[in-house]
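*Asks:* My questions will all concern the structure given below.
The values are calculated or read from the model by the stated rules, or taken from the named source; none is laboratory data. Being a predicted model, the structure only gives us computed values, none of them experimental. So basically every Cβ, Gly included, is an ideal-geometry build from the backbone, and we count neighbours across all protein chains shown.
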Amino acid sequence: MKTTGIHHIAIICSDYERSKKFYVEVLGFPIIKETFRAARNSYKLDLRINATTQIELFSFPHPPQRCSNPEACGLRHLAFAVENLEETVDYLKAHHVEVENIRIDEITGKKFTFFPDPDNLPLEIYEC
């Protein structure tokens, strides 16, 4: 198997309008397409990260809670590359997003930190 990149990351949210506002207005991802799927009583919002990668934001009635322990088995977190970590942290804090203290990756020497989305899913920003 040979892959050429990541096409999309799918996220199920508990409050569609709150998460849509967070990912579009706070994180700044442009909307590609918004679809209401009546048979599922569900929205699917496609958001552009870059030319080849998207976020698919889903809403479903009464989704079950996911274990939020960062060391639980499964997908650990989603990391976004940024050019200036301090500027990004300041921006997030100005939009009332709680951000952890900046850390240094002991392997690469790069700066990174974490912040939660509206459903407390762990998101990371990593300075490249």
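*Asks:* Can you tell me which residue in the stretch 55-80 is farthest from PHE115 (Cα to Cα), limited to those that are surrounded by 11 or more Cβ atoms within 10 Å (Cβ to Cβ) and of a type in the set (S, T, N, Q)?
*Replies:* Once the filter is applied, the top-ranked residue is SER59.
*Asks:* I'm trying to understand the selection: among the residues of the stretch 82-93, which are touching a residue at least 12 places away in the same chain (Cβ under 8 Å) and either of a type outside the set (A, V, I, L, M) or exposed (fewer than 13 other Cβ atoms within 10 Å of the Cβ) (or both)? Spell out how you get there, then give the answer.
*Replies:* Our first condition is that a residue be touching a residue at least 12 places away in the same chain (Cβ under 8 Å); within the stretch 82-93, this holds for 82-86, 88-89, 92.
Passing the criteria: GLU83, ASN84, GLU86, THR88.
*Asks:* Mind telling me which of the residues LEU27, LEU47, LEU121, LEU57 ends up being assigned by TED's automatic domain parsing to the domain that holds HIS7, of a type in the set (A, V, I, L, M), closer than 29 Å to THR3 by Cα and out of contact with any helix residue (DSSP H, G or I) (no Cβ under 7 Å at 6 or more places or on another chain)?
*Replies:* None of the other options fit; the residue is LEU27.
Okay, residues lined up against (1) outside the structural domain of HIS95 (by TED's automatic domain parsing); (2) closer than 18 Å to LEU121 by Cα:
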| position | (1), (2) |
| --- | --- |
| LYS2 | yes, no |
| SER14 | yes, yes |
| ARG18 | yes, yes |
| PHE36 | yes, no |
| VAL82 | no, no |
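*Asks:* Then there is this: May I ask you to list the residues in the stretch 88-128 that are aromatic (Phe, Trp, Tyr) and in contact with a strand residue (DSSP E or B) (Cβ under 7 Å, 6 or more places away or on another chain)?
*Replies:* PHE112, PHE114, PHE115, TYR126 - these are the residues of the stretch 88-128 that are aromatic (Phe, Trp, Tyr) and in contact with a strand residue (DSSP E or B) (Cβ under 7 Å, 6 or more places away or on another chain).
*Asks:* If you don't mind, another one. Modelled with pLDDT under 95, touching an Asp or Glu at 6+ places or on another chain (Cβ under 6 Å), closer than 16 Å to CYS13 by Cα and not small (Gly, Ala, Ser): does that describe HIS62?
*Replies:* No, not satisfied.
*Asks:* Still on this structure, please answer the following. Going by the structure shown, is ILE104 without any contact (Cβ under 8 Å) to a residue 12 or more places away in the chain and of a type in the set (Val, Ile, Thr)?
*Replies:* Yes: the conditions hold for ILE104.
*Asks:* Checking the conditions here, which among THR35, THR52 is more than 22 Å from PHE115 (Cα to Cα) and either free of Cβ contacts under 8 Å to residues at least 24 places away in the same chain or surrounded by 13 or more Cβ atoms within 10 Å (Cβ to Cβ) (or both)?
*Replies:* THR35
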